[in-house]
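What follows is one structure encoded as structure tokens, with my remarks underneath.
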Amino acid sequence: MGVRPAVTYTIGILCIILLIASIALLVTNVFVDIVDNYVKKEVQLKNDTVAFETWKNPPPPIYMQFYFFNVTNPEEVLNGGKPFLEEKGPYTYREHKPKENVTFLDDGRKVSAITTKTYVFVPELSNGDPETDLIRTVNIPVVTVMNMVRYSSLQILLLNGLLIAERAGIFTTRTVHELLWGYKDPVLSAIHFFKKDIDNEFGLYYKMNGTDDGEYVFLTGQKSYKNFTTIVEWRGNKSLDWWTTGACNMINGTDGTSFHPLITKNETLRFFSSDLCRSLYANFEQELRVKGIPVMRFVPPNEVFANVTVNPENAGFCVPAGNCLGSGVLNISTCKQGAPIILSSPHFYQADQKFIDDIEGMHPNKANHETFLDINPLTGLLVRAAKRVQVNVYIEPIAGFIETDKVKTLVFPVMYLNESVLIDNVSAAKLNAMLLQSEVITVIPFMIMGLGILFGLIFVILVCTSRNEVNEVNEASEAERTPLLKPS
């Protein structure tokens, strides 16, 4: 056998070996498993891992935007008219949420921490000055106290006298800064003189700047990657006690800032929000790219805040038991010291139409008012997200208070927030580089298959050229055997 045939057969054998090897690697997912196992190992809460540092000190900037609703026709509302509201804002604050007092427990299987939140005003991302902009809105302290004393004739009489003396009613005008971070309320101050457990100041975020919402205990993901940052305790409790069913009192999932790696489309992501006093869940909606990073968008479905007639599992959120307001709203008075606070999506997005129709100025739309999570499925990293929540006050006629006699029963919007995060360019570049490496590893079988196909083409070319050369040699030999002079 000559050199060329030997080379041809060697290339043919290599082609077959490479093709068989590539198919075997694709079928067994060897390189995919290598990447998955590496991610499972690295995405744990333990010292000296990127996942731990990212969880402890989130690098992307977090912004909290507040939008307030200004009442333009308070007298008409007091006489039974429809409220006309105008939206003001946003008033934007940079939010810092580092994990502090981090302590590993149970041989590294659990970790406890608190999240201290601080807010710094960002004027260049705001539309207005919170120190000077005035908002006329529902007087939440007055409405709360009215509800507290509504069943006591003596207390109603005393409160009426106090309201007259302080010239306080169910509407008040305050600056944005006061409404957010607190002001000394005259009605609460008078009550505080007799009941020290009643604070004399009020603000929607009063005592929430530079403070935390309690200690959490998380699973580190050491035992199973799917348990990464899952909450097992909050404030020393494994469940809540605000709602009327065990299912509604469950603390499920993470705190919403991180999720386990290797997420799939058919998963339901669960997370707990202390602001909403409950656990929620989100389902896959679509695939997107954010700064070149592949993400899966998860959104809370309508069923999360649906009425009990649509979602019977929500029966426990009706407080008092059986008192359900409708779809798209959540009464959290039970976890807000009795204040008649009702939460919803901004502009009553996904809520019953009656709530939208009751208020002039509501214009719900998906793009601006939907809560969503954009997560990289390989790492579980939150690339972009927006938590959008509206704070409303439940107002109704309360016997004994003349000012409420003519008002309609309303879920009255006060303000809504947009807590958003978007991965910064430096972090995006690092994540893209890591994802590129993982993609290169997972396409190795295809590279081997491509090499096998290339060798196969070379083998075919060599075989074909070899046959042509043999035919030419045979033709030449035949010509040599032909006499130079043919007989006549």
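Worth pointing out:
- The set of residues in region 164-192 that are farther than 24 Å from Y67 by Cα and in contact (Cβ under 8 Å) with a residue 40 or more places away in the chain comprises V187, L188, I191.
- Those residues of region 132-150 which are surrounded by fewer than 19 Cβ atoms within 10 Å (Cβ to Cβ) and in a strand (DSSP E or B), in sequence order: L134, R136
- Being open to solvent by 20 Å² or more (accessible area, probe 1.4 Å), on the phi > 0 side of the Ramachandran plot and not acidic (D, E) is a property that does not hold for G328.
- Hey, L159 closer than 30 Å to E86 by Cβ and surrounded by 16 or more Cβ atoms within 10 Å (Cβ to Cβ) or not: no
- Residue match in region 192-199 (condition: of a type outside the set (F, W, Y) and in contact with a helix residue (DSSP H, G or I) (Cβ under 9 Å, 6 or more places away or on another chain)): yes
- Within region 199-232, considering residues that are within 16 Å of D275 (Cα to Cα) and part of a strand (DSSP E or B), the one most open to solvent (accessible area, probe 1.4 Å): D212
- Residue satisfying all of: in region 129-169; among the hydroxyl-bearing types (S, T, Y) and more than 43 Å from the chain's Cα centre (by Cα); nearest to K195 (Cα to Cα) among these: S152
- Among (1) assigned to a helix (DSSP H, G or I); (2) modelled with pLDDT under 95; (3) open to solvent by less than 20 Å² (accessible area, probe 1.4 Å) - the single one F355 does not satisfy: (2)
- Residue in region 74-87 that is touching an Asp or Glu at 6+ places or on another chain (Cβ under 7 Å), outside any helix (DSSP H, G or I) and either under 26 Å from A385 (Cα atoms) or open to solvent by less than 30 Å² (accessible area, probe 1.4 Å) (or both) present: yes
- Number of the condition not met by L381 [criteria: (1) within 30 Å of V290 (Cβ to Cβ); (2) open to solvent by less than 30 Å² (accessible area, probe 1.4 Å); (3) not charged (D, E, K, R)]: (2)
- In the set (1) open to solvent by 20 Å² or more (accessible area, probe 1.4 Å); (2) closer than 30 Å to V426 by Cα, A282 fails one condition alone, (1).
- Any hit, region 112-124, residues being buried (at least 20 other Cβ atoms within 10 Å of the Cβ) and over 30 Å from A429 (Cβ atoms): no
- Per the listing R174, R167, the residue uniquely basic (K, R) and loosely packed, with under 13 Cβ neighbours inside 10 Å is R167.
- Lone unmet requirement of (1) modelled with pLDDT under 95; (2) open to solvent by 20 Å² or more (accessible area, probe 1.4 Å); (3) in a loop (DSSP other than H, G, I, E, B); (4) more than 29 Å from P59 (Cβ to Cβ) for E403: (3)
- Qualifying residues in region 299-325 (those that are of a type in the set (S, T, N, Q) and without any contact (Cβ under 8 Å) to a residue 24 or more places away in the chain) - the one surrounded by the fewest Cβ atoms within 10 Å (Cβ to Cβ): N323
- For P294: the one exception among (1) assigned to a strand (DSSP E or B); (2) crowded, with 20+ Cβ neighbours inside 10 Å; (3) in contact (Cβ under 8 Å) with a residue 40 or more places away in the chain: (2)
- Residue in region 450-466 that is crowded, with 17+ Cβ neighbours inside 10 Å, of a type outside the set (S, T, Y) and at pLDDT below 60 present: yes
The values are calculated or read from the model by the stated rules, or taken from the named source; none is laboratory data. Only a predicted model underlies this, so the values are computations on that prediction, with no experimental measurement involved. Neighbour counts are summed over all protein chains in view; Cβ atoms, including those assigned to glycine, are modelled from backbone coordinates with ideal geometry. Quick note on the areas: whole protein, heavy atoms, side chains included, nothing else; ligands and nucleic acids left out. Shrake-Rupley method; radii C 1.70, N 1.55, O 1.52, S 1.80 Å.
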